[in-house]
Amino acid sequence: MQLCEIMQGIEYEILQEGNTDEVSNITIDSRKIESGGLFICMMGLGSVDGHKFIDNAVEKGAAAIVIEAKLPSYPPNIAVYKVSDSRKSLAHIAANFYKHPEIKLRLIGVTGTNGKTSVTYMMESILQQVAKPALIGTVGLRFDSKLLNIPFATSTTPDPPELMQIFDYIHKNGGQDVIMEVSSHALALHKMAGLNFEVAMFTNLTQDHLDFHGTMENYLAAKAKLFGQCRIAVVNADDKYSPQIMSIGNPERWITYGIDSNCDLRAINVKEKDAGCTFSIDGICDNFYLPVKARFNIYNALACIGTALAIGINVEQIRAGLANFEGVPGRIQSVPNDKGFNVIVDYAHSPDSLDNIINSVRDFTTGRVITLFGCGGDRDTDKRPIMGRIAGELSDYCILTSDNPRSEPPEIILKQIEAGVKETSCKFASMIDRREAILHGIEMLNPGDSLIIAGKGHENYQIFKDETIHFDDVEVAKEGLSK
């Protein structure tokens with residue numbers, strides 16, 4: 001594609017003409033540049049500065065670079081374009097390069113602290129009744145019920161070059177609907193610039209990611225940006241932040257859902273049944289069956305019902321989609337055994353999500369609830385004692401252990417969690433080695449007891465200061481149960 005086409009609609013200054021106008025690929029990672037590629041220099045988070053990797057990109061074959069900071073000199077024969085903000089320009093550059101596949105798709109975005117992944121999987125199950133949807137999120141990429149091998153570096157929402165590549169693939173292979181998790185980081189860092197969502201869903205807002213956003217006000221403002229980019233907004237009326245979301249956003253239509261509040265879609269007659277639950281929606285329709293338990297999953301289902309109705313899916317198709325929902329890896333995932341134990345692996349890694357999972361497991365536990373968890377290193381430290389206190393108040397016993405300690409000493413993280421547990425009367429143990437902690441938790445179990453292994457969910461790795469190792473909570477739990 002011509003460089004001038006890629007830069008269309010973006011304000012820029014040409015600092016140096018190059019020898020070619022054709023661009024073969026675009027990237028923000030100098031290691032991924034191809035011969036004839038365009039390298040966009042990003043001022044990254046922390047000390048990372050893409051301008052330092054220009055020479056690497058040129059050695060790999062870059063024909064052009066986009067910068068936001070002028071330099072004393074540039075490699076010869078390379079086109080150099082300067083923009084005011086590379087991050088803000090990136091989404092538009094990527095959309096231009098892939099010829100705007102996003103406008104050929106119906107985009108459905110989900111944002112909130114908790115529930116995003118479950119909502120996307122439920123919505124996928126509903127859309128499968130009428131189409132072959134794509135899903136983008138924390139657990140990876142799926143299209144037409146199959147995993148896609150298009151890697152992206154970030155944990156939840158891909159960077160614009162990868163996102164547009166994914167959109168392009170979906171469109172060229174007959175896809176029309178894309179359900180995606182939209183993280184607060186992605187919104188704050190302008191990854192969603194230029195996208196128009198048919199529907200945006202808001203699940204809830206609780207303390208998380210304050211290491212990045214600084215304050216809850218900034219966190220809320222980042223989430224709220226999505227509701228200025230959608231035609232229809234579906235929001236949780238029971239969440240205290242929804243009024244602020246609704247005061248900021250400007251969609252054509254708002255749809256509210258909840259259990260406790262007066263709203264458009266209010267769940268009533270919620271009952272546990274077999275391995276799941278049933279509920280109705282006040283004044284609209286009856287007898288939805290969801291094959292998973294927990295109050296928070298009713299909220300997730302309501303968000304999907306509101307979205308499905310808004311885009312024209314009928315009630316019977318919605319019922320079928322929810323009834324066929326197979327769950328999400330690492331989200332209230334049961335580890336099967338024949339010993340009468342409830343062993344649950346869940347991604348809960350924030351105060352609210354930990355509260356939710358313990359209360360939900362308590363509902364079906366006849367014995368003790370043992371909660372095993374840690375907190376990630378190099379992340380929000382304020383939530384550590386809060387999570388310790390929540391676990392201590394709601395559990396019969398706690399096992400504190402490492403999550404992804406990253407560059408922090410694990411023992412310091414555990415001490416900060418311990419401070420919260422000690423505010424309660426709950427007995428606890430601290431074990432830095434997560435494998436040892438999981439095996440210890442299983443050894444403690446009696447029939448009727450529940451062990452919650454929280455924090456990592458679907459992740460199959462553990463991040464330390466100098467290495468990342470393979471680690472899967474489910475695998476370790478199965479090992480312990482086999483003994």
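Only the coordinates and a few stated rules stand behind these numbers; no lab work does. The structure displayed is predicted, hence computed values, not measured ones. Cβ: placed from backbone, ideal geometry, glycine included. Neighbour counts: every protein chain shown.
Rounded to the nearest angstrom and ordered from largest down, what semi-axes does the equivalent ellipsoid of region 101-323 get from its C-alpha gyration tensor (root of 5λ)?
26, 22, 15
Report the normalised scattering of region 3-97 as log10 I(q)/I(0) at q = 0.11, 0.16, 0.18, 0.20 Å⁻¹, calculated by the Debye formula with identical scatterers on the alpha carbons.
-0.25, -0.55, -0.71, -0.90
For residue 277, list long-range residues whose amide hydrogen, built 1.01 Å from N in the peptide plane, is under 5 Å from its own amide hydrogen.
Amide H to amide H, under 5 Å and 5 or more residues apart or across chains, residue 277 pairs with 290, 292.
Once Lys and Arg get +1 and Asp and Glu get -1 on their Cβ, which of 205, 127, 97 lies farthest toward the positive end of the dipole of the chain?
Working it through, the farthest residue towards the positive pole turns out to be 127.
Using Cα-Cα distances under 8 Å and only pairs 6 or more residues apart, what relative contact order does region 101-323 have, in percent?
Averaging sequence separation for qualifying contacts and normalising by length gives 22 percent for region 101-323.
So, with +1 on the Cβ of K and R and -1 on the Cβ of D and E, and no other charges, what is the size of the charge dipole of the chain about its Cα centre, to the nearest 20 debye?
The calculated dipole for the chain is roughly 520 debye.
Just to confirm the filter: which trypsin sites (Lys or Arg not before Pro) across region 112-184 are DSSP coil and have at most 11 other Cβ within 10 angstrom of their Cβ?
none
To one decimal place, what Kirkwood hydrodynamic radius in Å is obtained for the chain from all pairs of distinct Cα atoms?
In the chain this quantity evaluates to 23.9 Å.
For residue 427, list the lysines whose Cα falls under 19 Å from its own Cα; do not include residues on the same chain fewer than 8 positions away.
Straight-distance partners of residue 427: 415.
Taking neighbour counts of Cβ atoms within 10 Å as a proxy for exposure, in what order, fewest first, do 93, 332 appear?
With the sparsest Cβ surroundings first, the list reads 332, 93.
Sorting check: for 456-468, 334-346, 128-140, which peptide has the highest mean count of neighbouring beta carbons within 10 Å, and how do the rest follow?
128-140, 334-346, 456-468
Over the residues of region 359-402, compute the C-alpha Rg and express it relative to 2.2 N^0.38 Å.
Ratio of Cα Rg to 2.2 N^0.38 Å: 1.26.
Which ordering of 148, 372 is given by a fewest-first count of other beta-carbon atoms within 10 Å?
Going from sparsest to densest Cβ surroundings: 148, 372.
Give, to the nearest whole percent, the P(r) tail of region 333-482 beyond 24 angstrom, counting all Cα pairs.
Of all Cα-Cα distances in region 333-482, 23 percent exceed 24 Å.
Can you run phi through the Karplus equation (6.51, -1.76, 1.60; θ = phi - 60°) for region 143-154 and list ³J(HN,Hα) in whole Hz, with x for Gly and Pro?
Once rounded to whole Hz, the list reads 9, 6, 6, 10, 5, 9, 9, 10, x, 9, 7, 7.
Can you give the angle from 0 to 90° between the axis of helix 116-127 and the longest principal axis of the chain, with both taken from C-alpha atoms, to the nearest 10?
90 degrees
Relative contact order for the chain: what percent, with Cα pairs under 8 Å and sequence separation of 6 or more?
Contact order relative to length: 11 percent.
Starting from the amide H of residue 471, placed 1.01 Å from N in the peptide plane, find each other amide H under 5 Å away whose residue is 5 or more places distant or on another chain.
461, 462
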